[in-house]
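To start, the structure under review is shown below, and the notes come after it.
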Amino acid sequence: MKNEGIEGTERFLSPDKGRGLRAVQHFAVGELVFACPAYSYVLTVNERAAHCEYCFTRKEGLSKCGKCKQAFYCDVDCQKGDWPMHKLECSAMCAYGENWCPSETVRLVARIIMKQRATTERTPSERLLLLTEFESHLDKLDSEKEEMNQSDIAALHHFYSKNIIDLPDNQALIELFGQVNCNGFTIEDEELSHLGSAVFPDVALMNHSCSPNVIVTYKGTVAEVRAVQDINPGDEVFNSYIDLLYPTEDRRERLIDSYFFNCQCDECISKSKDKAKMEIRKKLSSPPEPEEIRAMVHYAKNVIEEFRRAKHYKNILSELLEMCELSQEKMGSIFADTNVYMLHMMYQAMGVCLYMQDWDGAMSYGEKIIQPYSVHYPAYSLNVASMYLKLGRLYLGLERKTQGVKALKKAQGIMEVAHGKDHHYVAEVKREIEEQK
């Protein structure tokens, strides 16, 4: 297809940021700025049987692939549509059995290679930015990231060399993995559960702000970009690349580590929310020294990383919950319950409780989290919506109907802006509310 652009927007050179996306018309809050189909995508292994491998539809009674018995589809049309990509894995999964374990990034890169070979023209995902234009930032990678890239390349050769003839050379693969790591997206459901990974070139054109004026949600394998602030002609369109819960120093560290730039957005300059995000416990005998606060933040970050590494092991759930509780007890000697590092561990504890089906425990944590979330996050945050949604569903499951409906309505109000009023997730929430009448 020709480069037809995206109506209402244009690609431009953003001062100090490089290329970016700019509005040439007004977009009201909740209005769709543009939609972008995935250039390539992959359903995460844990969601197989719950979602269609091809269109990501969530429903019961999906039909499995007759050969590998591991991929599931809505119908024959979805299975045929997915075959050009599924054939890369089908026979390999049969051959390797339980030893078939490429990372999600490796699986996505394999699909991108096949897509590039099959496609010679600009795709509907690349109206403004070609995938080949992605930045890879190879010159900024540390030794650990370089080793991870080489490990992924080795896995690509190991699991896919029989089905992808003449894989690109090592340097080309290093470049491609770098591009995907810097520009890939995680597709999530309405509760922010991970569904898969994808590349959306036109969405990747947007620069970052910690006070974004758009939000990205997903309808199947299509990314939808909606305004969460009024956008006027001439305004740059900003997305957020990271979780915005944390204070400025933490956000900047995350952005430098993953995207290799030092954020200078208005929120990072003003640090307007940092004091509330770093709330210190009241009625201490004496205010903590700055060094004590820095040491506790350092401790919190270490615990967060330790938990991230450990949470993949479902056989140690009670230990994970204890880790959350002990860290809250230690941090609570200085930090208020509304401090974002306390909230982070409460959120992790809530997730463990949900997995253990400790509904009362999960609800208790959710109730502590929701109001501070509403303060710390920007308006129309998916993190706030998903927390209201989880709480609402927990309340209904525990037969607390009034509180459940109230929480679901709060979620619905945010989701109608972020997802659009016609999204099937919004329809599901409306149906849950109606069923309580």
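So how tilted is helix 76-96 from the main axis of the chain? Cα-based, degrees 0 to 90, rounded to 10. With rounding to tens, the tilt is 90 degrees.
Rounded to two decimal places and with Rh computed the Kirkwood way over Cα pairs, what is Rg over Rh for region 68-177? Kindly include the intermediate steps, with their values, before the conclusion.
Numbers: Rg = 15.4 Å, Rh = 15.6 Å.
Over the Cα atoms of region 68-177, Rg/Rh equals 0.99.
Against the chain, whose longest principal axis comes from its Cα atoms, helix 401-418 is set at around 50 degrees.
Just ASP202, ASP189, ASP75 to compare: in a GNM of the chain, with alpha carbon springs under 10 Å, which one fluctuates most? Largest GNM mean-square fluctuation: ASP75.
Compare GLU7, GLU329, GLU319 by solvent-accessible area with a 1.4 Å probe and give them largest first, with all protein chains kept in place.
These residues rank, largest area first, as GLU7, GLU329, GLU319.
In the elastic network of the chain, a GNM with C-alpha springs shorter than 10 Å, the most mobile of CYS353, CYS52, CYS65 is CYS65.
When all protein chains stay in place and ligands, DNA and RNA are ignored, the 1.4 Å accessible-area order of VAL237, VAL222, VAL405, largest first, is VAL222, VAL405, VAL237. In percent, rounded to a whole number, the relative contact order of region 186-318 is 17, using alpha-carbon pairs under 8 Å and six or more apart. Loop-resident GluC sites (Glu not before Pro) (DSSP state other than H, G, I, E or B) in region 120-156 with no more than 13 further Cβ atoms inside 10 Å of their Cβ: GLU121.
When ligands, DNA and RNA are left out and all protein chains stay put, how many square angstrom of accessible area per residue does the chain have with a 1.4 Å probe?
Working: 21240 Å² over 437 residues.
With the other protein chains kept in place, the chain gives 49 Å² per residue.
To the nearest 10 degrees, how steep is helix 248-259 against the longest Cα principal axis of the chain, on a 0 to 90 scale? Relative to the chain, helix 248-259 is tipped by roughly 10 degrees.
Computing FRET efficiency as 1/(1 + (r/R0)^6) for ALA336 and PHE260, where r is the C-beta to C-beta distance and R0 is 30 Å, gives about 0.35. Rounded to the nearest 5, the antiparallel percentage of DSSP beta bridges internal to the chain is 90%.
Computed from Cα atoms alone, the Kirkwood hydrodynamic radius reported for region 355-429 is 12.5 Å. Listed by chain and number, the lysines placed with their C-alpha closer than 27 angstrom to that of LYS283 are LYS271, LYS273, LYS275, LYS301, LYS330, LYS368; residues fewer than eight positions away on the same chain are left out. Label zone (GLU428, point 7 Å along Cα-to-C-beta; backbone nitrogen cut-off 14 Å) within region 53-79: 56-61. Summing +1 for each Lys or Arg and -1 for each Asp or Glu among the other residues whose beta-carbon sits under 13 angstrom from that of TYR395 gives +3.
Rolling a 1.4 Å probe over the protein chains gives THR123 an accessible area of about 10 Å². Put simply, the amide H of ILE187, placed in the peptide plane, has neighbours under 5 Å in LEU195, GLY196, SER197, ALA198, leaving out anything fewer than 5 places away on its chain. The relative contact order of region 260-374 comes to 28 percent, based on Cα pairs under 8 Å that sit 6 or more residues apart. Which percent of the accessible heavy-atom area of the chain goes to carbon and sulfur, probe 1.4 angstrom? Answer for the chain: carbon and sulfur cover 50 percent of the accessible area.
Divide by every residue of the chain the summed helix terms, -39500 (n - 2.57) for each DSSP H run of at least 4, and state the resulting mean residue ellipticity at 222 nm, rounded to the nearest 500 deg cm²/dmol. Please list the in-between numbers first.
On the way: 15 runs with 208 residues, N = 437.
Value at 222 nm, helices only: -15500 deg cm²/dmol.
Output the relative contact order of the chain, whole-number percent, from Cα pairs under 8 angstrom with separation of 6+ residues. Don't jump to the answer; show the numbers that get you there.
On the way: 659 pairs, mean separation 72.6, N = 437.
Relative contact order comes out at 17 percent.
Note that region 162-179 has calculated 3J(HN,Hα) couplings of 6, 10, 10, 6, 6, 4, x, 5, 4, 5, 5, 5, 4, 4, 5, 5, x, 5 Hz, one per residue in order, obtained from phi through the Karplus relation 6.51 cos²θ - 1.76 cosθ + 1.60 (θ = phi - 60°); glycine and proline are x.
The values are calculated or read from the model by the stated rules, or taken from the named source; none is laboratory data. Just so it is clear, the structure is predicted and the values come from calculations on it, not from any experiment. Neighbour counts are summed over all protein chains in view; Cβ atoms, including those assigned to glycine, are modelled from backbone coordinates with ideal geometry. To get the accessible areas, we keep the full protein, side chains included, count just its heavy atoms, and leave off ligands, DNA and RNA. Shrake-Rupley method; radii C 1.70, N 1.55, O 1.52, S 1.80 Å.
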